[in-house]
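Please treat every number below as a calculation from the coordinates, not as lab data. Keep in mind the model is a prediction, meaning the values are calculated, not measured. Cβ atoms come from the backbone with ideal geometry, glycine included; neighbour counts cover every protein chain shown.
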């Protein structure tokens with residue numbers, strides 16, 4: 001049922017995996033407007049969508065991408081005039097650490113507009129561990145009326161920071177399920193084909209994965225992505241015939257075709273808020289080997305009703321190698337049900353995500369009315 005309200009989402013950039021969920025939210029409200037702090041961050045190559053079912057506006061202002069913290073810092077003074085013009089009945093905010101987000105919080109408090117935080121961070125993904133920072137974060141959380149999270153780890157992090165569980169809606173982060181879904185079977189004979197998809201940067205653990213494959217036999221690794229470690233990776237694998245560098249892909253549909261050619265995804269990140277490649281791979285029927293720092297693994301891999309992969313200790317090369325060997329053996333024994341993996345992953349869709357966002361908005365409206 002359509003909610004009779006005007007909603008504004010304020011976030012950093014228009015990530016392509018967010019567009020389907022925004023579209024589903026737009027179907028459920030009177031009007032949705034998405035205000036972006038930046039057209040694109042320097043570490044991304046995405047483009048703004050040409051047309052959507054809702055309004056997207058890039059705010060005027062300045063931004064700096066902080067590579068050390070893997071986040072953007074935004075100052076968009078026009079946010080206040082846009083909020084005054086739009087008169088939202090609920091605001092969904094994609095962060096709190098930039099001036100633009102703080103100005104949005106101030107607007108919401110002054111106008112008593114229900115405010116929802118769309119939250120993904122968790123204890124295993126945080127790179128700043130400072131008591132003062134934690135104290136400030138907890139204070140800021142008090143200004144929000146409700147929260148919708150990427151998954152269970154993010155919800156637990158909020159609770160540990162003093163947020164009432166009654167204000168938290170635990171969702172499951174997702175992608176465009178229609179593009180990636182494929183329930184076909186996988187490996188038949190020959191070497192098991194493993195896949196890495198992501199930025200070639202230290203945080204993604206690509207060098208650890210390449211190092212592990214020095215000790216892996218009867219298996220191949222294919223790498224899709226680009227980044228500052230691209231030259232180093234190519235030098236390392238030039239003498240390793242079992243590792244192949246594909247490069248970067250141009251679109252989600254192209255990437256979906258690649259997933260269908262492989263047997264297992266490996267996500268060796270040292271720090272990962274979620275890891276949407278886990279959704280993409282599992283929708284394509286692939287089991288996933290993920291480090292214990294990958295948020296998605298706890299909701300998608302561990303909770304699957306069938307074998308959908310493994311979580312290994314991120315700092316242990318032996319743990320990674322053992323996980324790869326186990327997946328190899330399970331494939332040879334015919335014990336991996338690719339179609340069941342895909343079916344499980346398809347349960348977490350943009351439609352369901354949008355419903356959870358609407359639930360959080362309604363919690364915020366009820367909380368704001370009681371305040």
Antiparallel DSSP beta bridges within the chain, as percent of all bridges there, nearest 5
10
Helix-only mean residue ellipticity at 222 nm, the chain, DSSP H runs n ≥ 4 weighted -39,500 (n - 2.57), per residue, nearest 500. What is it?
-10500 deg cm²/dmol
For segment 291-321 versus segment 95-143, the gap between their alpha-carbon centres in whole angstrom:
29
Work out, step by step, the length gained on full extension between residue 60 and residue 257: first 0.36 nm times the residue separation, then minus their alpha carbon distance; give nm to one decimal.
67.2 nm
Theoretical FRET efficiency, 1/(1+(r/R0)^6), r = Cβ-Cβ of residue 183 and residue 47, R0 25 Å, to 0.05:
0.25
Degrees, to the nearest 10: 99-111 long Cα axis against longest axis of the chain:
40
What's the extension gain from residue 3 to residue 313 if we count 0.36 nm per residue and subtract their Cα-Cα distance?
107.2 nm
So residue 165 and residue 356, fully extended at 0.36 nm per residue minus their Cα-Cα distance, gain in nm 67.3 nm
Would you calculate the volume per residue, in Å³, of the smallest convex hull containing every Cα atom of segment 84-129?
85
Segment 212-244 and segment 151-204: distance between their alpha carbon centers, rounded to Å
23
What whole-number value in cubic angstrom gives the convex hull volume per residue for the C-alpha atoms of segment 177-345?
98
Simple SL model, points at 7 angstrom along Cα→Cβ for residue 234 and residue 109; separation in nm is 5.1
Could you check how many percent of all C-alpha pairs in the chain are farther apart than 30 Å?
39
Quick check: pseudo-label points 7 Å beyond the Cα along Cα→Cβ at residue 326 and residue 15, how many nm apart are they?
2.8
